[in-house]
1. What is the gain in length, in nm to one decimal, between residue 49 and residue 129 on full extension, counting 0.36 nm per residue of separation less the C-alpha to C-alpha distance?
2. Antiparallel DSSP bridges in the chain: what percent, to the nearest 5?
3. Placing unit charges on C-beta atoms (Lys and Arg positive, Asp and Glu negative, everything else neutral), compute the dipole magnitude of the range 121-253 about its Cα centre in debye, rounded to 20.
4. Which of the following values of log10 I(q)/I(0) by the Debye sum over Cα atoms at q = 0.07, 0.12 Å⁻¹ was calculated from the structure shown: (i) -0.49, -1.03; (ii) -0.33, -1.03; (iii) -0.63, -1.00?
5. Put +1 on the Cβ of every Lys and Arg and -1 on every Asp and Glu Cβ in the chain; which of 233, 308, 259 then has its Cα farthest towards the positive end of the dipole?
6. What residues of the range 129-152 lie in the reach of a label at residue 229, counting those whose backbone N is under 14 Å from a point 7 Å from the Cα along Cα→Cβ?
7. Would you mind ranking 139, 22 so that the residue whose beta carbon has the fewest other beta carbons within 10 Å leads the list?
8. Residue 163: net charge of surrounding residues, Cβ under 14 Å, Lys/Arg +1, Asp/Glu -1, itself excluded?
Amino acid sequence: MTDLDLSGLAVVLEDSPIGVSISRRRDGIIVFANHTFTELIGVPRRQVLGSSARHYFVDDQQRAAVVKHLKRYGSVDHAEVQFRHADGSPFWTLLTIRESVYGGEPVNLAWVYDITERKTAEDRLQLAAKVVETANEGIMITGADCTIEAVNTAFTRITGFAPEEAIGQRPRLLKSGRHDGEFYRDMWRAINESGKWQGEVWNRRKSGEVYVEWLSIASVRDVQGAVSHLVGVFTDITSRKEDEEQVWRQANFDALTGLPNRSLFLDRLSQEVRAARRDQNRFALMFIDLDGFKAVNDSFGHTVGDLLLQEAAARLLATVRSSDTVARLSGDEFVVILHDIDGEDEVGVVASKMVGRLAESFDLDGHSTGIHASVGIALFPDDADDAAELVRLADRAMYTVKGSGKNNFSFHRLPERLVYPLDA
């Protein structure tokens, strides 16, 4: 090895942005250090010169590994080693060492480059990666063109798609078909305008099963401000939605017949009044009481009585449109809202059909029995323009029918007009 002549290199080494030191191999004493090296460790040059190189290593195991590698190969290339500042705080360096001769004595020529910021950034990235991988929420990262670039374990657990099946695809891989184009246009409008969106999305697993997720999407921008990535974080809320649906149905639907109960009926009636006022439409409210139900219940028991109520509900549903509402108030009382009617004649046809169908014989668990129905009708806005008054008038019209022989229907305003013949 050629003896180092620092007379020519001193200026170059002194101005180097990389820390440079020279230490004797026999005892590790530093005989040269440039200003970058002394600034890195925070020790004046006069104190560095004559000190031991090993003093600036934080970890003896790292130092021993460097020495072992140097003895075996005669050099060290880009070893990541922690050095210490004057106050004892550690910092990461990229260390390169070459054997040389200085003043006729073997020395180690070392280049020390501060990589603390890079290591900190790497540590943060590794931490972020661990957080993403261990998160309970599914995470999907796409490029600006929406091509999937990364997914986590929870993504696979929720969707059933392995990383190799998802990466390179687009999010439509999960599309269920439950949402229309307007839904996605609104989503992308929000992302483009504010950089984020969140809401419920119905998607499809690899198995074909449809599920609902709560999804948050955020855009990531580069240093120039352009969108570089999109990050989607989602949670499977299918079970929660099913529980909510069950609770809602229990609160709003009759357990026996499956029809809306009193609470939901009153809500729909209020909505119907508001819509009819806004659109200047007419609708009819019908009260139905099953005459003879108590006798069936007393004679054959509650099981048969329940079967009769279920069958009566089915017959009522069969007489109206899907847009109309059939509800059970309590016991053997039912109500019907006929939406958007032209006039009394149209309502009379439906009411006549109801009375006729309910008068037909019921075959219930081997018991053949019969009942009749009394139907009272009030029209909006002809008879009343608010929900409470409509209910009162339809109920009164129903009692008019019961007092006139039952098995018939009556409009509130024309109680004498029983258009369904009693002897039919």
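Read-outs throughout are calculated quantities, based only on the coordinates presented, and are distinct from any laboratory measurement. All values reported here derive from a predicted model rather than from experimental measurement. Every residue, glycine among them, receives a Cβ derived from its backbone with ideal geometry; neighbour counts consider all protein chains shown.
1. Here the answer is 24.5 nm.
2. 95
3. 200
4. (iii)
5. 233
6. 129-133, 139-152
7. In increasing order of surrounding Cβ atoms, one gets 139, 22.
8. Values: positive: 157, 206; negative: 133, 149, 164, 165.
For residues surrounding residue 163, the net value is -2.
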